[in-house]
Amino acid sequence: MKSRWPSRLWIVRHGESAGNVARDLAHASGLGRIDIAERDVDVPLSELGKVQARALGHWFAGRPATERPEVVLTSPYLRAVQTASLVRDAHGLAGDEVPHCVDERLREREFGILDRLTSFGIKEHYPEQAAFRAAMGKFYHRPPGGESWCDVILRLRSALDTLSLHHAERRVLIVGHQVVVLCLRYLLENLSEAEILDIDAAGDVANCGVTEYRFDPREGADGALRLDVYNFIAPLKEAGAPVTSAPDAAVAAR
């Protein structure tokens, strides 16, 4: 039976970014706005983020070539593209000719008018949005000009269709963002709102943390992807790279 799914799927959050560092500094200082000069799409990895991405690449490189990614899909955001490139540089892919496809549907959730604001800043400048979010919940709340989790899920449904159409029975690495990792779990495992929010509440997705699925022909009538590990940080620990999991800079109202 030919599968419509990849044989193996790794979903990875990018390494620590300069935005993560700036967000932590703003929160620690009680500031309302996060000090980042670039557009969110242009925020690079921090030096620690580069160390984490190389550690992930070395972990993949330690596997046989037949167990490494043979397709790479990334968010267009610089921090995700850099993470994938450093994995490649560390010989973590199945070969030198592994295609790298940038897909805008894997981008970070858009925050609209709440972009660059900490939780303090949202309450100060947009108290009505803080109230709306409290009433609606993070799954459905859409800030003006931004996206809800449901909006992200809508575009990811399309991305999964493309994955099935073009990359069935292949080993695929996706490099994206925290909410992208969570929303893909929601879709692939047919979770409820309550189930995915419980997973989110249990802890942030680690930078370069690995979520891995394998195709299981015994799942359902046509087979399905089965979760092997979630938020797996052994690749970083094995390399002695510090583990970080702070939300991205614009993620105050996640």
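The values are calculated or read from the model by the stated rules, or taken from the named source; none is laboratory data. Just so you know, these numbers come straight off a predicted model, no measurement behind them. All Cβ positions, glycine included, derive from the backbone under ideal geometry; neighbour counts span all protein chains shown. Each accessible area value is taken on the protein alone, full model and side chains, heavy atoms only, with ligands, DNA and RNA left out. Shrake-Rupley method; radii C 1.70, N 1.55, O 1.52, S 1.80 Å.
Is it the case that some residue within the range 6-13 is open to solvent by less than 30 Å² (accessible area, probe 1.4 Å), over 14 Å from residue 247 (Cα atoms) and small (Gly, Ala, Ser)? No, every residue in the range 6-13 fails to be open to solvent by less than 30 Å² (accessible area, probe 1.4 Å), over 14 Å from residue 247 (Cα atoms) and small (Gly, Ala, Ser).
Would you point out the residue of the range 171-196, among those that are over 15 Å from residue 101 (Cα atoms) and not in a helix (DSSP H, G or I), that is least open to solvent (accessible area, probe 1.4 Å)?
Restricting to residues being over 15 Å from residue 101 (Cα atoms) and not in a helix (DSSP H, G or I), the top hit is 177.
The set of residues in the range 205-225 that are buried (at least 17 other Cβ atoms within 10 Å of the Cβ) and in a loop (DSSP other than H, G, I, E, B) comprises 205, 206, 207, 208, 209. Residues that are of a type outside the set (D, E, K, R) and more than 24 Å from residue 179 (Cβ to Cβ) number at least 2 in the following helices (runs of 4 or more DSSP H) confined to the range 9-96: 47-61. Residue 145 meets each of the listed conditions (1) open to solvent by 50 Å² or more (accessible area, probe 1.4 Å); (2) at negative phi apart from (2). For the range 145-159, the criterion of a residue being in contact with an Asp or Glu (Cβ under 7 Å, 6 or more places away or on another chain), farther than 21 Å from residue 184 by Cα and touching a residue at least 12 places away in the same chain (Cβ under 8 Å) is satisfied by no position. When the residues of the range 30-50 are filtered to those that are hydrophobic (A, V, I, L, M, F, W, C) and crowded, with 20+ Cβ neighbours inside 10 Å, the one that is nearest to residue 12 (Cα to Cα) is 45.
Can you go through 130, 168 and tell me which one is touching a Lys or Arg at 6+ places or on another chain (Cβ under 6 Å) and crowded, with 17+ Cβ neighbours inside 10 Å?
Values: 168 fails: crowded, with 17+ Cβ neighbours inside 10 Å.
Unique residue meeting the criteria: 130.
Summed over the range 133-142, residues that are of a type in the set (Gly, Ala, Ser), in a helix (DSSP H, G or I) and open to solvent by less than 80 Å² (accessible area, probe 1.4 Å) total 0.
With the requirement that a residue be open to solvent by 50 Å² or more (accessible area, probe 1.4 Å) and at pLDDT 95 or above, what does the range 83-96 give you? Listed by number, the residues that qualify are 88, 89, 91. Per the listing 151, 228, the residue uniquely surrounded by 14 or more Cβ atoms within 10 Å (Cβ to Cβ), of a type in the set (Asp, Glu) and closer than 28 Å to residue 21 by Cβ is 151.
How many residues does the range 196-211 hold that are farther than 22 Å from residue 241 by Cβ and not acidic (Asp, Glu)? Qualifying residue count, the range 196-211: 5. Within the range 66-76, at least one residue is within 30 Å of residue 35 (Cβ to Cβ), of a type in the set (S, T, N, Q) and modelled with pLDDT of 95 or more. Just the residues that are open to solvent by 40 Å² or more (accessible area, probe 1.4 Å) and more than 11 Å from residue 236 (Cα to Cα), please, taken from the range 52-62. Of everything in the range 52-62, just one residue is open to solvent by 40 Å² or more (accessible area, probe 1.4 Å) and more than 11 Å from residue 236 (Cα to Cα), namely 62. In the range 97-118, which residues are part of a helix (DSSP H, G or I) and open to solvent by 10 Å² or more (accessible area, probe 1.4 Å)? 104, 105, 112, 113 - these are the residues of the range 97-118 that are part of a helix (DSSP H, G or I) and open to solvent by 10 Å² or more (accessible area, probe 1.4 Å). Listed by first and then second residue, the pairs linking a residue in the range 74-98 that is under 9 Å from residue 61 (Cα atoms) to a residue that is open to solvent by 20 Å² or more (accessible area, probe 1.4 Å) and assigned to a loop (DSSP other than H, G, I, E, B), with Cβ atoms under 8 Å apart and 6 or more places separating them unless they lie on different chains, are 92/68; 93/68; 93/70; 94/68; 94/70.
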